[in-house]
Amino acid sequence: MSEDKPDLIAPAPAQPAEPGMDRRDFLRRALGAGLTVAAAGALGWGLYDPKGPSAAGLAQAPVKLGDYSIKSQAGKMAVVRASQRVPALQAGLKALGGLESFIHKGDRVLIKVNAGFATPPNLGATTNPELLGELIKQCLSAGAQRVVVTDNPINDPQSCFALTGIGQATQAAGGVLMPPLERHFHPTTVEGGRLIRDWPVLYGPFEGVTKVIGLCPVKDHHRSGASMTMKNWYGLLGGRRNIFHQDIHTIIAELAMLVRPTLVILDGVVSMISNGPTGGSPDDLKATGTLILSTDQVAADALGATLLGKTPADLPFIGNAATRGLGSSDWRSLNPQEVSLLDQGASAWA
Amino acid sequence: MGIVSVRRVSQVFFFAWFLWFCLVSSLGEQYWQLRGWPVNWFLQLDPLAALASLLASGSLYSGMAWAVLTIALTAVLGRFFCSWLCPFGAMHHFLGWLATRRLSARQQMQKNQPHAAQAIKYYLLLGLLAAAGAQTLHRLAGLPLSLGGAAGWLSLLALLTALAALTVRRLWPQPRQALAAGLATLALLLGLCLWTSPGEVIGASLQSGLLDPIPLVQRSVNLILLPALDAAAGKLWVAARHYQGAWLIALVFGAALLLNFKVPRFYCRFICPLGALLGLVGHWALWRVGRREAQCKGCQPCATRCEGACDPFRHLRQSECVLCMNCLDTCRDGQMTYQTSRSAAGEVPLPDLSRRGVILSLVSGVVAVPALRLGGLVGPNWSPALIRPPGALGEEQFVERCLKCGQCMRVCPTNVLQPTGLERGLEALWTPSLNMRIGTSGCQLNCVACGQICPTAAIRPITLEEKRGQGAYANAGPLRLGTAFVDRGRCLPWAMDRPCIVCQENCPVSPKAIVTREQYSVLARGKVTGRQSDTLSLAGAALIPGRLGTGDYFLQPMSGDAAARRRIRENGADNVNLLPGGAWSPAEGEAVEVVVRLQQPQIDPSRCIGCGVCEHECPVSGQRAIRVSAENESRSPKRSLLL
């Protein structure tokens, strides 16, 4: 196969160039050379970097999560005994004076769910979709302008939101699901904290948000003892967050410093009492018939611990958080509103 | 609308479908996600993939039967596939047009002249089919024939005999020579069949996918184009997709495309083994492009845009004609036509294949398998790092079926499924294996997507029940991909007295396959020098203030008495404050120990399924402290670990 090669060599001029000076040609070349020298010089001068990169690298601008709690609602708590989640939520919100006392017209609400694992809802490893759907509806009917649902799960995010039913429940109820895209993470530092320093958090969904609600189930957790409302904020951390397990009780307390929620809702209607936090079998669940709503996440966890047969003293992170003034480890001191939807009316937590 | 316009519409139409199928191979219920779209359709229409996997594995799996349609249509119409349907062909067609559109008619004609190298693709085809078919005779010899099976095998045999007879006739034109050659070949094959026994080394290997254009383009779009585009757009995936060794796939793909600037349809003319197969089948075609009359004006514009370089002006190379129909369009005289009779100016049915070349490529193909296998990678030297997806067949059967098309890696929701690199041998190149460090999680417990999409059942279409070992599969137990092993030299609680157990927490099976062993390790010793209720002054223990108050640290007497141990609430450099309660109250002057409570992970191999979530989550982020290797994988009984 032959091919026409382009001529690489210019044809020789008909007459050899005259030796000696051609003024116009020289000026043209001088101009070209001068511009090249000037451009190279300008480039070198303008982009000259005498130091090289610093060890810290190119830091992103830090962000800070706001304080979403309502001062007048501090220390509120409602405890509902029930076997069904949706009526329990309705009764609990009513006992707290209605969701209207927390969510006002025009509020933009963020609900932090636990969508950590790609398991179906009946295995109880993740936030219950029916409960979530009802909460979103209540937020919207209380006047919320927008309800965002988010989490940075452990398993594949898309699979998690699909399999747990959280994605569908959010969509059906009129909420907005925000998966943890890379661009949503920005570094933050918790003031007075030791571990969360310049660490990436899932900040994107928080932009423009005015109220934050934590919604998660009660689960056994081998390392920390229990995974409840404070541990639920772990799902806001990015990066290789697993290194914090070396000091789990401190990181959970710092997470409670990171997020000051409007309200937390702890679903102990069914609790995962073994093989947590993944579960994987209905045998790992137990009906504990309790839904806890509180503006004090420490108190909510303190009561939640009892559903797993533990005391707050068994869970050092509760003490750590209480010592930092983040809430009360003595949940009874909040005088919770107690409601029972069960026939017997017996309170199992007493 | 002229025939060329119809062809262009067809090319754009099928190319768009192809891209659409690549795009919608995402798990989900939206219309643009995988919910019944026939995403394997192009692979299933590919007769090379079907024939090679049929030769290698002995079965024409499910949708691969579509290939029969392609063969049938090619036998009637010629190589329509290449210019009307093939998405890779469409890319080459377009790029070839781009590269030559400014050239003069004369230069274009030069670019589209037939070339002796067009025979190379036939050698490649024969080599690849020989490697795939090395075991076929054995299979035929030992097959318990059912009626349907017999009919299938006989027709395959007839087809192959016809192709072989054709080749023989061309290579040995004299009848006596041809007969001798045929008998010699038959004797050789029967000898091979009777005196060798297939095993791990002598076997079949499906390597056609390396060059077969449909798996090639599928793999390249799935693993290179889409991830690269989505890294910018961020629409398909939450986290950026990664594919190990992507550079090599990109290099092959890019080189194939760029070679169009050297010669239009370079890949189609010189390399494409599918084109060669279709050329062999299509040279009998009932309808064919050709000249009406032996004499024409000789203006030759018919040769300027000839996609197949089949020389329509002189003796038309029938097997090379890709039915682009450009010659029909460019002939000013209406001489070129698509008709039932042969070209009036004469035909060349096949390119010049040399006798030696054919024998060499067949023998190379057959010999290649033991050459690849002698390294023992399919046998005793199997790589424990090669973790196959759930439902994958045993390694020997797996390499008889895997097309290297990358569909499983495309559909895998977590991105853990990766194209294997050259480090596991040429046979395993671009076959799927798990890399727990890539992706959003290991192999997800409630997912069987890879087996459902696999076009050849190299990964069986298992159900969730089978994967989890539930229902009818309760006795068999869950499918295991391998076993996790704790590297005690790297694991924080084992090697560095630091609490962790992220692996145990993330183990998805119930009951967990990672159990923990409780251990209290002594960090410091000291003597109590003073005491004020629960605050003790310690001498001799240099403590970092505030570090022991996390709930993991305890004080205990030197005896190590577990009952006496008390949790530390907080500490200074030389004092500790204990939580109230507890049976033991250290006295002044007593020697005490500061200990940390550790939970040290251990694998229960009877429960571990090798999903690799633990490895993915391990905070030792480089070389992980817990790693899955292929021991105990369900697909290979020889690799079992437990009694």
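Values quoted throughout were computed directly from the atomic coordinates according to the rules given, and no laboratory measurement underlies them. Small disclaimer: the values here were computed from a predicted structure and weren't measured. When we count neighbours, we look across all protein chains shown, and the Cβ atoms used for this are built from the backbone with ideal geometry, even at glycine.
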- Message: For B:Gln174, project a label point 7 Å along Cα to C-beta. Then give me every residue of segment B:336-365 with its amide nitrogen under 15 Å of that point.
- Response: none
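By counting other Cβ atoms within 10 Å of each Cβ, how are A:Thr295, A:Thr229 ranked from fewest to most? Present the calculation step by step, with values, prior to reporting the outcome.
Details: A:Thr295 24, A:Thr229 31.
Ranking A:Thr295, A:Thr229 by Cβ neighbours within 10 Å, fewest first, gives A:Thr295, A:Thr229.
Given an 8 Å cut-off on Cα distances and at least 6 residues of separation, report the relative contact order of chain B as a percent. Kindly include the intermediate steps, with their values, before the conclusion.
Working: 1260 pairs, mean separation 92.3, N = 643.
Normalised by residue count, the contact order of chain B is 14 percent.
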- A:Met21, B:Met325, B:Met558, B:Met436 arranged by Cβ crowding within 10 Å, fewest neighbours leading: A:Met21, B:Met558, B:Met325, B:Met436
- Task: Show the residues, 5+ positions off or on another chain, whose built amide H is closer than 5 Å to the amide H of B:Val348.
- Result: B:Leu316, B:Arg317, B:Gln318
- Note on the structure: Rounded to the nearest 10 degrees, the helix A:129-141 long axis (Cα) sits at an angle to the longest Cα principal axis of chain A of 80 degrees
- Message: With the crude spin-label approximation of a point 7 Å out along Cα→Cβ, what separation in nm comes out for A:Arg183 versus A:Thr36?
- Response: 4.2 nm
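Dividing the convex hull volume of the Cα atoms of the protein assembly as shown by its residue count, what figure in Å³ per residue is obtained?
On the way: hull volume 262.5 nm³, N = 993.
Each residue corresponds to 264 Å³ of Cα convex hull volume.
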- Task: Starting with the highest mean, order B:586-594, B:443-451 by the number of other Cβ atoms within 10 Å, averaged over the residues of each peptide.
- Result: B:443-451, B:586-594
- Quick one: grab the alpha carbon gyration tensor of chain A, order the square roots of its eigenvalues as a ≥ b ≥ c, and give me rounded if a/c is under 1.5, else prolate or oblate depending on whether a/b is larger than b/c. prolate
- Environment charge of B:Gly469, counting only residues whose C-beta is closer than 13 Å and scoring Lys/Arg +1, Asp/Glu -1: +2
- In terms of the alpha carbon gyration tensor, root eigenvalues a ≥ b ≥ c, rounded if a/c is under 1.5 and otherwise prolate when a/b exceeds b/c or oblate, segment A:185-268 is oblate
- Integer Hz, Karplus 6.51/-1.76/1.60 couplings in order for segment B:297-314, x for Gly and Pro: 6, x, 7, 6, x, 4, 8, 6, 10, 6, 5, x, 6, 10, 6, x, 6, 9
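So what is the relative contact order of segment B:553-643, in percent, for Cα pairs below 8 Å that sit 6 or more residues apart?
Numbers: 96 pairs, mean separation 18.7, N = 91.
Relative contact order here is 21 percent.
Take chain B, mark every one of the trypsin sites (Lys or Arg not before Pro) that falls in a DSSP loop and has at most 12 other Cβ within 10 Å, then report the longest stretch left between them, sites excluded. Please list the in-between numbers first.
Values: sites that count: B:Arg35, B:Arg101, B:Arg102, B:Lys235, B:Lys262, B:Lys297, B:Arg332.
The reported range is B:333-643.
Which whole-number percent gives the relative contact order of segment B:395-480, counting Cα pairs below 8 Å spaced six or more residues apart?
Numbers: 136 pairs, mean separation 21.2, N = 86.
About 25 percent, as a whole number.
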- Message: Less than 10 Å Cβ to Cβ from A:Asn275, Lys/Arg counted +1 and Asp/Glu -1: what total charge do the surrounding residues give?
- Response: -1
- With Cα atoms, 0 to 90° folded angle of helix B:273-282 axis to chain B main axis: 30 degrees
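Give the percent of DSSP beta bridges with both residues in segment A:181-282 that are antiparallel, rounded to the nearest 5. Before the final figure, lay out the partial values.
Details: 8 of 14 bridges.
Roughly 55 percent of the DSSP beta bridges within segment A:181-282 come out antiparallel.
From the Cα gyration tensor of segment B:518-599, with a ≥ b ≥ c the square roots of its eigenvalues, which class applies: rounded if a/c is under 1.5, or else prolate if a/b is larger than b/c, or else oblate?
rounded
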- Once every DSSP H run of n ≥ 4 in the protein assembly as shown is given -39500 (n - 2.57) and the sum is divided by its residues, what mean residue ellipticity at 222 nm do you get, rounded to the nearest 500 deg cm²/dmol? -10000 deg cm²/dmol
- Message: For A:Val269, what residues show an amide H to amide H distance below 5 Å, using hydrogens built from the backbone and excluding near sequence neighbours?
- Response: A:Thr290
- Query: Across the residues of B:508-514, average count of Cβ atoms on other protein chains within 10 Å?
  - Reply: 6
- Query: What is the helix-to-structure angle for A:297-307, meaning the angle in degrees between its Cα long axis and the longest Cα principal axis of chain A, kept from 0 to 90 and rounded to the nearest 10?
  - Reply: 60 degrees
- Roughly speaking, what is the stretch gain from B:Arg547 to B:Gln107, that is 0.36 nm per residue apart minus the C-alpha to C-alpha distance, in nm to one decimal? 150.4 nm
- Loop-located GluC sites (Glu not before Pro) in segment B:239-328, at most 10 other Cβ atoms within 10 Å (DSSP): B:Glu293
- So in the protein assembly as shown, what percent of DSSP beta bridges are antiparallel if you round to the nearest 5? 70 percent
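Can you tell me how much longer the chain between B:Phe94 and B:Asn475 gets when fully stretched, taken as 0.36 nm per residue apart minus their C-alpha distance, in nm with one decimal? All intermediate terms of the calculation are to be shown ahead of the outcome.
Values: separation 381, 0.36 × 381 = 137.16 nm, distance 5.60 nm.
Stretched out fully, the B:Phe94 to B:Asn475 stretch lengthens by 131.6 nm.
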